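The values are calculated or read from the model by the stated rules, or taken from the named source; none is laboratory data. Owing to the predicted nature of the structure, the values given are computational and were not obtained by experimental measurement. Cβ sites come from the backbone with ideal geometry, for glycine too, and all protein chains shown count toward neighbours. Accessible surface areas use protein heavy atoms only, side chains included; no ligands, DNA or RNA. Shrake-Rupley method; radii C 1.70, N 1.55, O 1.52, S 1.80 Å.
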Amino acid sequence: MKKTYAIGDIHGGLKALQQLLERLDYSDKDTFIFLGDYVDGWSESAQVIQFLIEFSKVHKCVFIKGNHDAWCEEWLASGHINEVWYAHGGKETIISYLEFSKEDKKAHLNFFEAMDMYHMDDKNRLFVHAGFTSMHGVEKEYNIQTLYYDRTLWEMALTMDARIQKQSELYPNRLKHYAEIYIGHTPTINYSKMYPMNAINVWNVDTGAAFTGRLSAIDIDTKEVFQSDEVMSFYPEETGRNDISYKKRIINFKRRL
């Protein structure tokens with residue numbers, strides 16, 4: 001039987017990704033939908049991208065673009081270092097590329113540029129990194145960056161009264177367009193949850209791999225959840241994004257300009 005897995009934000013945790021895939025016991029017939037934010041956090045961001053490029057050559061994959069991926073893409077394309085990116089994992093990503101050639105970086109840039117902003121399957125299930133704001137659906141989103149920055153979709157789903165019926169005029173139009181919506185971007189550990197969360201028809205699969213959480217995958221048909229160990233356990237000498245002093249990093253960044 002063919003399976004489809006939605007996989008949450010990896011944030012440079014290659015070892016956790018490899019362990020997670022081993023625990024899936026997948027076959028060549030399965031599909032993997034990665035929800036974005038492959039880089040920034042742990043020390044193997046460039047290695048994650050290289051692994052995924054090779055993995056996609058033999059497995060059916062869909063790669064959604066996250067906000068961290070957009071920042072990394074900008075740096076690979078132009079050399080420009082976004083200050084916010086640098087302070088929130090970009091520094092570690094830049095270091096991870098020190099051993100990679102210009103040809104490797106070009107291949108990675110092509111990989112980033114080819115990523116989907118969202119994906120729809122044949123059962124009307126939507127996959128997007130963060131969310132969208134248009135009441136007419138993701139296809140009508142005015143600002144494409146919203147797809148990897150928006151948090152209001154998830155916030156709305158979390159706070160919505162489950163007693164409101166779908167046919168009610170009070171039911172949010174954004175939720176009516178799709179059978180299910182799968183997102184990352186907002187770690188469930190923010191809500192003291194270590195597993196993917198479900199609110200109305202939205203599933204959040206970002207379980208805080210960049211911080212103290214685990215990397216997660218969900219079988220979108222059975223809703224069975226698979227997880228790695230806590231990602232920080234693979235990188236005991238690192239802090240990931242758990243010890244970010246934003247102001248300090250920005251000051252140091254500006255001093256080097």
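What longest range of the chain stays clear of loop-exposed trypsin sites (Lys or Arg not before Pro) (DSSP non-H/G/I/E/B, at most 13 other C-beta within 10 angstrom)?
Longest run free of exposed loop sites: 58-122.
Average the reciprocal distances over every distinct pair of alpha-carbons in segment 162-226, invert the result, and give the Kirkwood radius in Å. All intermediate terms of the calculation are to be shown ahead of the outcome.
On the way: mean 1/r = 0.0774 Å⁻¹.
After inverting the pairwise mean of 1/r, the radius is 12.9 Å.
Modelled label-to-label distance, K106 and N190, 7 Å Cα→beta-carbon offset: nm?
A separation of 3.9 nm, rounded to one decimal place.
Dipole magnitude of segment 114-257 about its Cα centre, charges +1 at Lys/Arg Cβ and -1 at Asp/Glu Cβ only, in debye to the nearest 20?
780
Please identify, among S96, S56, S27, the residue showing maximal mean-square fluctuation in a Gaussian network model of the chain using a 10 angstrom Cα cutoff.
S27
How much of the accessible area of the chain, in percent, comes from carbon and sulfur atoms when a 1.4 Å probe is used?
50
Work the Kirkwood hydrodynamic radius out for segment 1-67: mean of 1/r over every pair of different alpha-carbon atoms, inverted, in Å.
About 12.0 Å for segment 1-67.
Springs between alpha-carbon atoms under 10 Å, Gaussian network over the chain: tell me which of L215, L76, L17 tops the mean-square fluctuations.
In the Gaussian network model the winner is L76.
Once you wrap a convex hull around the alpha carbon atoms of the chain, what is its projected area averaged over all directions, in nm²?
Computing the convex hull of the Cα atoms and averaging its projections yields 14.5 nm².
Heavy-atom accessible area of I53 with all protein chains present, probe 1.4 Å, nearest 10 Å²?
The value for I53 is about 30 Å².
Quantify how much of the Cα-Cα distance distribution of segment 1-134 extends past 21 Å, in percent.
Value for segment 1-134 (Cα pairs over 21 Å): 40 percent.
For segment 115-233, compute Rh as the Kirkwood radius over C-alpha pairs and then the Stokes-Einstein diffusion coefficient at 25 °C and 0.890 mPa s; write the answer in µm²/s, rounded to an integer. Kindly include the intermediate steps, with their values, before the conclusion.
Values: Rh = 14.9 Å.
The calculation lands on 165 µm²/s.
How large is the dipole of segment 1-90 about the Cα centre if only Lys and Arg carry +1 and Asp and Glu carry -1, each at its Cβ, rounded to the nearest 20 debye?
The dipole of segment 1-90 has a size of about 460 debye.
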